[in-house]
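Here is the structure we will look at, set down as structure tokens.
The values are calculated or read from the model by the stated rules, or taken from the named source; none is laboratory data. Since we're looking at a predicted model, the values are computed, not measured. All Cβ positions, even for glycine, are placed from backbone atoms using ideal geometry, and neighbour counts span all protein chains on display.
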Amino acid sequence: MQENKFESALNVNKGIEQPPTVNPYISNFYKEKRVSTLSEDDYLDGILKGNTTILSQAITLIESSKAEHRVLAQKLIAKALPHVVKSRRVGITGVPGAGKSTFIEAFGSMITSMGHKLAVLAIDPSSEKSKGSILGDKTRMETLCNDPNAFIRPTPSSGSLGGVARKTRESIILCEAAGFDVIFIETVGVGQSETAVHSMSDLFLLLMLAGAGDELQGMKRGIMEMSDIIAITKADGSNKDKATLARALYSNALHLFPKSESGWVPVALTTSAVTREGLEDVLDRINEYFTLTESNGSYTKKRREQSRYWMYESINEELLGRFFENPSVTEKREIYEEMVLNGEISSFAAASELVRIFEDSKQKQ
């Protein structure tokens, strides 16, 4: 009797051939990840060779709150400083929905196509409830993520804007040592982070959205004053006329602000990441800005002032960290906190007492 043969209704397709990986060092990723801590020389060697896996691990080291990691990170930064390349640091912010990620991907792709190496450092806000962060910039920049001349690194704020700003500035040093000559520092939304980003960037780019009501209503004067270039995004299709009108409004508003020390007059432009219209205009203006500031010395002056600012910011953060890690303060802090909550002592008096306890403990050491 001949056996009946039945064909299965399930067919398994072979699929398409996967493209080669963009990162040539990915095969060593898991092996390197098992190494708890490399030496600063190992980190530096990988960074100078352009190994983005090692660069990512080094930035993670900077972001670590462990004392031994902080010490190692500072040694690494000190050794990386002589190797940094001259870069152009551009701070980018914008209102929600302005298409920051879409703009950065389109504009960044144009930058890398010209032979530049681009690093995008994004400060992503953390949830006040869960303390988590989406870190979704890489998912929104698929094309740029696959660009071998681009490096994208989101950083969670973790509720400490000052801390993450300092870590971002240290990450910039490592990216420059790795050969990235263009650095984008992106903030998510319009908020307090703009001041921190402005203090570590050479040029501040503000992205705005037309057709969302009164363009000047609710805008913070401080952010407008910090901006060197305002780009009205999504200037395409039926929104193009609205973007043109918004550009005129912002141009008039910018002339009301005092002239900057660098002599640069802020400008408003329209751009579209979809049609790529206006991207070259933004690049031309950025080049004009750097040509002016480098020729009159304001570029160097601003970098020097920023270095001094971050020195004092680092002192404040270091002292604050030592204060809360002090055993004597830890022992008495909850007691004084309870007294403040019960109205037995003022907040100022409690703070003075805790500082006195901290100073006394340091003298006894």
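From Glu288, Glu261, Glu318, grab the single residue that is of a type in the set (Asp, Glu), more than 28 Å from Ala210 (Cβ to Cβ) and without any contact (Cβ under 8 Å) to a residue 24 or more places away in the chain.
When all the criteria are applied, what remains is Glu318.
For every residue, the table says whether it meets (1) assigned by TED's automatic domain parsing to the domain that holds Val197; (2) under 24 Å from the mean Cα position of the chain (by Cα).
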site: Leu283; (1), (2): yes, yes
site: Tyr289; (1), (2): yes, yes
site: Lys302; (1), (2): no, yes
site: Arg322; (1), (2): no, no
site: Pro327; (1), (2): no, no
site: Gly343; (1), (2): no, no
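Report the residue count in segment 88-102 for those that are in a helix (DSSP H, G or I) and more than 14 Å from the chain's Cα centre (by Cα). Give the steps one after another, and end with the answer.
We begin by selecting, within segment 88-102, every residue in a helix (DSSP H, G or I); these are 100-102.
Okay, now just the ones that are also more than 14 Å from the chain's Cα centre (by Cα), so 102.
So the answer is 1.
Return the residue satisfying two criteria in turn: it lies in segment 274-333 and is among the basic types (Lys, Arg) and more than 25 Å from Val182 (Cβ to Cβ), and of such residues it is surrounded by the fewest Cβ atoms within 10 Å (Cβ to Cβ).
Only one residue tops the list, namely Arg322.
Are any residues in segment 73-101 under 20 Å from Ala210 (Cβ atoms) and buried (at least 17 other Cβ atoms within 10 Å of the Cβ), and if so, which ones? Before the answer, list the steps.
We begin by selecting, within segment 73-101, every residue under 20 Å from Ala210 (Cβ atoms); these are 92-101.
Selection gives Ile92, Thr93, Gly94, Val95, Ala98, Gly99, Lys100, Ser101.
For segment 335-359, how many residues meet the condition of being in a loop (DSSP other than H, G, I, E, B) and among the charged types (D, E, K, R)?
Within segment 335-359, residues that are in a loop (DSSP other than H, G, I, E, B) and among the charged types (D, E, K, R) number 1.
Across segment 46-87, which residue is nearest to Leu205 (Cα to Cα) among those that are without any contact (Cβ under 8 Å) to a residue 12 or more places away in the chain, polar (S, T, N, Q) and assigned to a loop (DSSP other than H, G, I, E, B)?
Going through the qualifying residues, I end up with Ser64.
Contact list please: Cβ distance under 9 Å, first residue in segment 230-243 and over 20 Å from Phe204 (Cβ atoms) and not assigned by TED's automatic domain parsing to the domain that holds Ser272, second residue charged (D, E, K, R) and in a helix (DSSP H, G or I), pairs at least six apart or on different chains.
none
Please specify each residue of segment 260-281 satisfying the condition of being assigned to a loop (DSSP other than H, G, I, E, B) and of a type outside the set (A, V, I, L, M). Working first, answer last.
Restricting attention to segment 260-281, the residues satisfying the condition of being assigned to a loop (DSSP other than H, G, I, E, B) are 260-266, 271-278.
If the condition is that a residue be assigned to a loop (DSSP other than H, G, I, E, B) and of a type outside the set (A, V, I, L, M), then Ser260, Glu261, Ser262, Gly263, Trp264, Pro266, Thr271, Ser272, Thr275, Arg276, Glu277, Gly278 are the ones that fit.
Provide a single number: the residues in segment 223-239 that are hydroxyl-bearing (Ser, Thr, Tyr), at pLDDT below 90 and closer than 15 Å to Thr93 by Cα.
Here the count works out to 1.
Anything in segment 173-222 that is of a type in the set (Phe, Trp, Tyr) and either at pLDDT below 80 or under 11 Å from Ala119 (Cβ atoms) (or both)? List them, or say none. Spell out the reasoning first.
Of the residues in segment 173-222, the ones of a type in the set (Phe, Trp, Tyr) are 180, 184, 204.
Within segment 173-222, Phe180, Phe184 qualify.
What about Lys332, is it farther than 30 Å from Asp360 by Cβ, outside the structural domain of Lys100 (by TED's automatic domain parsing) and not in a loop (DSSP other than H, G, I, E, B)?
Answer is no for this residue.
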